[in-house]
Amino acid sequence: MKRPSILIFTFLMFLAGNSLFAQVNGIKSASSNYGSTSSVRSGGSDAGYSGGYFVFDIFFNVVFGEIIRAQQNQLQRRHEVPGMISFEAMVQTGVQPSGYYLIHPRARVNWGLFSSDFRFNYLIEEGIDEVTHIRTNDWQILQLNLVRTRDVTFRIGGGIMTESYSGDKSFPEWTAALQFQPHTSKLGGVAEYRDAEVRTEVSAFAQYNLFNRAATHGFVTGGAVFQRYYNSISVWGMQGGLLFKFY
């Protein structure tokens, strides 16, 4: 058990590099200096607009029809797959030995093919004279559960990441996540990737089923998280917490 822990710790230290101090102020500074560019498209002809609308209308109806059928197929299996329709609440705290913490209160709603996931991402840093912190609001507005079996879930999604410390700047954010929870075992795991314009994140944690009481299922979690802001500031931590599922 010691060898994997040492390897994980060494790997995270390598990723973090030498950027271990003043992450909060560094991220704030990068955000305030971050510029945006915009482009203006020239207008087309009315005929081109009408043709494009016709193609879009056909595409939308075909895709929307397939999504409805996929959702119906998922819901027909809701008695075979626990948690097909469910609510999840989780709190995880990450700790990095140089003196900062990551806290992730989080909630997700699952309904067959669809999920919606919201979390607060707190970074708290202890300085010599003061404690500084930043927060982002990360809302995966729509996630699609492309694989949904009794043991495995794979989802992708899209939403927005909002910086509460920079005048509420918002950026698109995309995610992919794989969850493995064998129904014959209390032990499972989750791996997740997040990609926004100004931040990337990789996290993984194991989850152990503590109890099942009626519609409430409790888990304890433990793993690691790595974030990189503005392609220059690295944040990482070993994390643990509690997860509750209601279905």
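The values are calculated or read from the model by the stated rules, or taken from the named source; none is laboratory data. Since this is a predicted model, take the numbers as computed values, not measurements. Cβ coordinates were reconstructed from backbone atoms using ideal geometry, including for glycine residues, and neighbour counts include every protein chain displayed.
Could you please tell me which pairs satisfy a Cβ distance under 8 Å, a separation of 6+ or placement on different chains, a first residue in the range 218-247 that is over 13 Å from Arg199 (Cα atoms) and charged (D, E, K, R), and a second residue that is crowded, with 19+ Cβ neighbours inside 10 Å and modelled with pLDDT of 95 or more?
Lys245/Glu88; Lys245/His217; Lys245/Phe219
Restricting attention to the range 186-239, and to residues there that are in a strand (DSSP E or B), over 14 Å from the mean Cα position of the chain (by Cα) and hydroxyl-bearing (Ser, Thr, Tyr), which single residue is surrounded by the most Cβ atoms within 10 Å (Cβ to Cβ)?
Checked the range 186-239; the qualifying residue surrounded by the most Cβ atoms within 10 Å (Cβ to Cβ) is Tyr229.
Of the numbered conditions (1) crowded, with 16+ Cβ neighbours inside 10 Å; (2) in contact with a His (Cβ under 7 Å, 6 or more places away or on another chain); (3) of a type in the set (D, E, K, R), Arg108 fails exactly one; give the number of that condition.
Against the list (1) crowded, with 16+ Cβ neighbours inside 10 Å; (2) in contact with a His (Cβ under 7 Å, 6 or more places away or on another chain); (3) of a type in the set (D, E, K, R), Arg108 comes up short only on (2).
Quick test of your reading of the structure: Val81 fulfils all but one of (1) within 24 Å of Ala215 (Cβ to Cβ); (2) hydrophobic (A, V, I, L, M, F, W, C); (3) surrounded by fewer than 16 Cβ atoms within 10 Å (Cβ to Cβ). Name the failing condition by number.
Val81 satisfies all of (1) within 24 Å of Ala215 (Cβ to Cβ); (2) hydrophobic (A, V, I, L, M, F, W, C); (3) surrounded by fewer than 16 Cβ atoms within 10 Å (Cβ to Cβ) except (3).
When you check Gln140 against the structure, is it polar (S, T, N, Q), surrounded by 15 or more Cβ atoms within 10 Å (Cβ to Cβ) and under 12 Å from the mean Cα position of the chain (by Cα), yes or no?
It is true that Gln140 is polar (S, T, N, Q), surrounded by 15 or more Cβ atoms within 10 Å (Cβ to Cβ) and under 12 Å from the mean Cα position of the chain (by Cα).
For the range 172-185, how many residues are surrounded by fewer than 17 Cβ atoms within 10 Å (Cβ to Cβ) and under 15 Å from the mean Cα position of the chain (by Cα)?
The qualifying residues number 4.
Considering only residues that are over 21 Å from Phe219 (Cβ atoms) and either without any contact (Cβ under 8 Å) to a residue 40 or more places away in the chain or assigned to a loop (DSSP other than H, G, I, E, B) (or both), which ones fall in the range 81-99?
Pro97, Ser98, Gly99
Of the residues Thr184, Thr175, only one is at pLDDT 95 or above and out of contact with any helix residue (DSSP H, G or I) (no Cβ under 8 Å at 6 or more places or on another chain); which?
Within the list Thr184, Thr175, the selection yields Thr175.
What residue, among those in the range 117-136 that are surrounded by fewer than 16 Cβ atoms within 10 Å (Cβ to Cβ) and either touching a His at 6+ places or on another chain (Cβ under 6 Å) or modelled with pLDDT of 95 or more (or both), is farthest from Thr93 (Cα to Cα)?
Looking at the filtered set, the residue picked out is Phe118.
Could you please find all residues in the range 144-157 being surrounded by 14 or more Cβ atoms within 10 Å (Cβ to Cβ) and assigned to a strand (DSSP E or B)?
Within the range 144-157, Leu144, Asn145, Arg148, Thr153, Phe154, Arg155, Ile156, Gly157 meet the criteria.
Restricting to the range 150-207, give me the number of residues that are closer than 17 Å to Val235 by Cα and charged (D, E, K, R).
Selection size over the range 150-207: 7.
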